[in-house]
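K.L.:
Can you read through this structure? Questions will come right after.
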Amino acid sequence: MNKRQKRTLVRILLAGALFIALCLLPAEGTVRSALFLLPYLLVGYDVLKKAALGIWHRELFDESFLMTVATIGAILLGQCEESVEVMLFYQIGELFQSVAVGKTRKSIAALMDIRPDTANVERDGQIVTVEPEQVQPGEVLVVRPGERVPIDGVVLEGVSSLNTSALTGESLPRDVAPGDEALSGCVNITGALRIRAEKPFGESTVSRILELVEHSSLKKSRAEQFITRFARVYTPAVCAAALLLAVVPPLFLGGWADWVSRALTFLVISCPCALVISIPLSFFGGIGGASRAGILVKGGTDLEALARTKTVVFDKTGTLTKGVFEVSSVQPAPGFSAQRVLELAALAESYSNHPISRSLREAYGQTPALARVSAAEELAGKGVLARVDGRAVLAGNARLMEENGIAAVSPALPGTVVFVAEGGVFAGSIVISDLAKPTAAQAVAAMREQGVRTVMLTGDTEKTAQAVGTALGIDETHGSLLPDGKVEHVERLLDEKPPKSALAFVGDGINDAPVLSRADVGIAMGAMGSDAAIEAADVVLMDDDPLKIALAMRLARRCMRIVRQNIVLALGVKAACLLLGALGAAGLQAAIFADVGVMVLAVLNAIRTLRLSR
């Protein structure tokens with residue numbers, strides 16, 4: 001609980017204790033009524049203040065206004081004990097609602113990690129360190145290994161690999177050479193680069209990501225709390241009914257005092273105590289039940305939106321796939337075995353720290369004998385050249401094979417291909433790909449069973465995206481996307497979604513933060529996901545299992561069914577009591593007893609949300 005919630009709890013406990021003590025006192029009449037005003041004001045002064053501000057700003061019909069009118073009506077009827085009871089019930093319900101809604105999301109501080117603090121610029125024959133905002137288009141930047149590219153540009157000199165995970169979410173580095181584009185926010189891994197700045201910093205990719213998150217958060221419409229929406233309809237209806245009850249019958253039947261008293265009783269009976277307790281508790285239970293399954297929902301409005309989800313958009317790497325590149329296929333050339341091809345590649349790559357090299361060594365399954373390797377040379381942007389057991393071994397891309405006059409056969413499978421040659425002879429190819437999570441296909445199938453449309457947006461190549469999407473049964477797939485491209489697709493999907501339904505986006509990287517903020521429901525992978533994605537999301541899957549998404553939607557829909565059941569129960573009994581009260585057949589005590597009984601039943605029903613379905 002935060003400080004405000006703790007203060008509210010203390011006030012409820014103090015007012016409750018004082019109320020019980022006053023009920024035991026023998027005092028009668030005006031003195032007793034005056035004493036009961038103490039716990040009433042203690043527990044309800046903020047409600048009275050909010051109602052007064054609402055009247056001042058001409059925003060009358062909310063739950064605070066209804067509670068104020070009803071409890072003051074009870075006091076005028078001499079039922080001060082009932083006014084305290086009603087206010088206590090209301091504040092308990094508000095406390096549940098406050099806790100269920102959760103903490104307000106913090107700003108995405110982790111995004112600032114991708115913003116370069118400085119840029120190294122060549123000026124008058126010297127390298128000067130300046131702020132990125134001071135770099136002008138056309139100036140030449142020097143980016144050393146380990147540094148971030150500060151501004152979008154074109155490589156003039158140098159060959160290196162860039163870690164683009166902050167922008168595309170893809171773990172595999174991208175090789176760049178003179179003439180290639182280098183985007184801001186990427187980390188230079190191997191060689192030094194000279195880059196010509198093509199844009200001012202404010203128009204570079206890293207700046208656009210930061211702006212996207214800010215604007216997406218502002219454009220995302222947050223659902224109002226259910227109690228508030230309910231009160232906007234319920235409050236004016238019962239106030240109008242009470243006014244009519246106080247005015248219309250006396251015009252024909254007389255007895256103004258009796259009918260005004262009935263109208264005040266009608267207002268007190270109308271207080272939705274069962275609703276203000278059971279509905280927040282239903283959301284609280286739904287959130288608690290989901291958390292037991294490793295699904296953290298940040299608020300009741302997020303749970304409500306999750307129940308309405310009919311479109312789920314996925315990122316690929318780290319969401320549907322493991323985010324770790326592994327050898328998926330080895331295709332040896334005639335005269336070579338698959339194990340021999342892996343052995344040659346692992347030995348040749350034994351001195352390299354490139355992610356592809358690590359994948360090859362792990363697939364080999366043994367520690368390479370370094371004594372067998374000599375004269376290992378890493379050819380930036382191409383691969384490696386080494387002598388293994390005295391014979392020249394090449395392991396790299398198609399360009400490396402072409403430059404050495406080796407006819408390599410490309411496999412048809414999607415993924416990153418490493419070609420291997422020994423002694424100038426093509427030995428075979430190794431396909432390295434990001435393997436799907438074990439439950440990914442099952443998760444997509446489970447969502448299809450619930451009538452949910454699935455879409456995948458990824459920074460990976462279009463070919464790889466289509467292959468993964470087809471394998472998993474995704475309805476729609478788009479590849480080669482940067483963060484702004486993902487936001488554009490989500491904007492389109494938001495326009496296309498069915499009326500009154502919600503769209504959820506599932507991602508794990510910094511590059512997903514803008515679209516997580518923009519979607520109706522943002523779902524982040526909590527175990528391996530970035531801090532930015534987790535902060536931007538409304539729902540966090542603690543074990544990164546995509547199958548939990550379908551479970552989360554089932555839990556949310558069950559929670560909303562229980563909420564609707566409680567509404568029907570509470571309003572049904574309330575309508576009966578109001579009718580009897582208007583006819584003078586039910587007094588205030590009977591109405592409150594019925595309301596408390598309904599509240600107990602509604603609370604017991606709400607507790608069902610804590611139980612996980614199989």
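K.L.:
Once you put a point 7 Å from the Cα of residue 363 and another 7 Å from the Cα of residue 439, both along the Cβ direction, what distance in nm separates them?
P.N.:
2.8
K.L.:
With labels modelled as points extended 7 Å from the Cα through the Cβ direction, what inter-label distance (nm, one decimal) is found for residue 24 paired with residue 233?
P.N.:
4.5
K.L.:
Follow-up question, since we're still on this one. Three principal axis extents, largest first, for the C-alpha atoms of segment 303-351, in Å?
P.N.:
Largest first, segment 303-351 extends 60, 27, 11 Å along its Cα principal axes.
K.L.:
Using a simple spin-label model with points 7 Å from Cα along the Cα→Cβ vector, what separation in nm is obtained for residue 600 and residue 561?
P.N.:
2.7
K.L.:
Extent of segment 448-575 along each principal axis, from alpha carbon coordinates, in Å, largest to smallest?
P.N.:
Rounded to whole Å, the extents work out to 60, 29, 25 Å.
K.L.:
Arrange 460, 484 by Cβ neighbour counts within 10 Å, fewest through most, would you?
P.N.:
Sorted ascending by nearby Cβ count, the order is 484, 460.
K.L.:
Which GluC sites (Glu not before Pro) in segment 375-423 pass both tests, a DSSP loop state and at most 13 other beta-carbon atoms within 10 Å?
P.N.:
For GluC sites (Glu not before Pro) across segment 375-423 that sit outside H, G, I, E and B with at most 13 neighbouring Cβ atoms in 10 Å, the list is empty.
K.L.:
Between residue 337 and residue 291, 0.36 nm times their residue separation minus their Cα-Cα distance comes to what?
P.N.:
11.6 nm
K.L.:
Working from the alpha-carbon coordinates of segment 323-435, get Rg over Rh, Rh being the Kirkwood radius.
P.N.:
Across segment 323-435, the Cα-based Rg/Rh ratio is 0.92.
K.L.:
Also, quick follow-up: So if R0 is 51 Å, what FRET efficiency would residue 76 and residue 488 give, r being the distance between their Cβ atoms, rounded to the nearest 0.05?
P.N.:
It comes to 0.30.
K.L.:
Also, quick follow-up: Could you give me the percent of Cα pairs per 5 Å distance bin for segment 371-484, shortest bin first, beginning at zero and ending with the bin that holds the maximum distance?
P.N.:
Per 5 Å bin, starting at zero, the Cα-Cα P(r) for segment 371-484 comes out as 2, 11, 16, 15, 13, 11, 9, 9, 7, 4, 2, 1, 0 percent.
K.L.:
Continuing with the same structure: Only four residue types carry charge here, +1 at the Cβ of Lys and Arg and -1 at the Cβ of Asp and Glu. Report the dipole size of segment 357-404 about the Cα centre in Debye, rounded to the nearest 20.
P.N.:
About 120 debye.
K.L.:
How long, wide and thick is segment 318-384, going by the Cα atoms along their three principal axes, in whole angstroms, largest first?
P.N.:
40, 29, 23
K.L.:
Shifting gears a bit: What FRET efficiency would be calculated for the residue pair residue 59, residue 380, taking the C-beta separation as r and a Förster radius of 56 Å, to the nearest 0.05?
P.N.:
The calculated FRET efficiency here is 0.30.
K.L.:
Counting other beta carbons within 10 Å of each residue's own, what order do 478, 57 fall into, fewest first?
P.N.:
In order of increasing Cβ crowding within 10 Å: 57, 478.
K.L.:
Using Cα centres only, tell me the gap between segment 292-312 and segment 410-432 in whole Å.
P.N.:
Each part's Cα centre sits 45 Å from the other's.
Values quoted throughout were computed directly from the atomic coordinates according to the rules given, and no laboratory measurement underlies them. Small disclaimer: the values here were computed from a predicted structure and weren't measured. Note that each Cβ is placed from the backbone with ideal geometry, even for glycine, and that neighbours are counted across all protein chains shown.
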